[in-house]
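Remarks on the structure that follows.
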Amino acid sequence: GDRSSKTFKLLWVIVKCWHCFFYVTDGWKVYSMFIEESDQIVSKTYMTRVEGENTRLRHYLARLHRKTLCYSKSVEMLKCSLRLLLHYLKYRTIPLSA
């Protein structure tokens, strides 16, 4: 969605349940309406890391990069694909059922 408070509010309902110690942002004015100043770190340095991880995910999972006919659009399949990718990146193995 766009960067409006209406769009962020939907995301914030999910994110605030994670009970993070702090949130790294790019300082967009909408964030201060939801995130306390003491809990928000506005930093290009930290954002570079976040954007790098996003780029890596888009590289490995084309479904995050563009809409195609090759992949299921179901949320459940997306979750499974992300879990599998993160497992592979961490352990360099793919879990197989016996």
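Overview of values
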quantity: Selection from the range 1-38 of residues that are loosely packed, with under 13 Cβ neighbours inside 10 Å, touching a Ser or Thr at 6+ places or on another chain (Cβ under 8 Å) and modelled with pLDDT of 90 or more; calculated: Met33
quantity: Tabulated pairs, the range 1-28, first touching a residue at least 12 places away in the same chain (Cβ under 8 Å) and closer than 21 Å to Ser43 by Cα, second surrounded by 12 or more Cβ atoms within 10 Å (Cβ to Cβ) and small (Gly, Ala, Ser), C-beta under 7 angstrom, 6+ apart or interchain; calculated: Val24/Ser43
quantity: Filtered residues of the range 46-98 (kept if within 24 Å of Asp26 (Cα to Cα), modelled with pLDDT of 80 or more, open to solvent by 100 Å² or more (accessible area, probe 1.4 Å) and of a type outside the set (Lys, Arg)); calculated: Tyr46
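The values are calculated or read from the model by the stated rules, or taken from the named source; none is laboratory data. In this text the structure is predicted, and so the values were computed from the model without any measurement. Here the Cβ is made from the backbone with ideal geometry for all residues, glycine too, and neighbour counts use every protein chain on show. All accessible areas refer to the heavy atoms of the entire protein, side chains included, with ligands and DNA or RNA removed. Shrake-Rupley method; radii C 1.70, N 1.55, O 1.52, S 1.80 Å.
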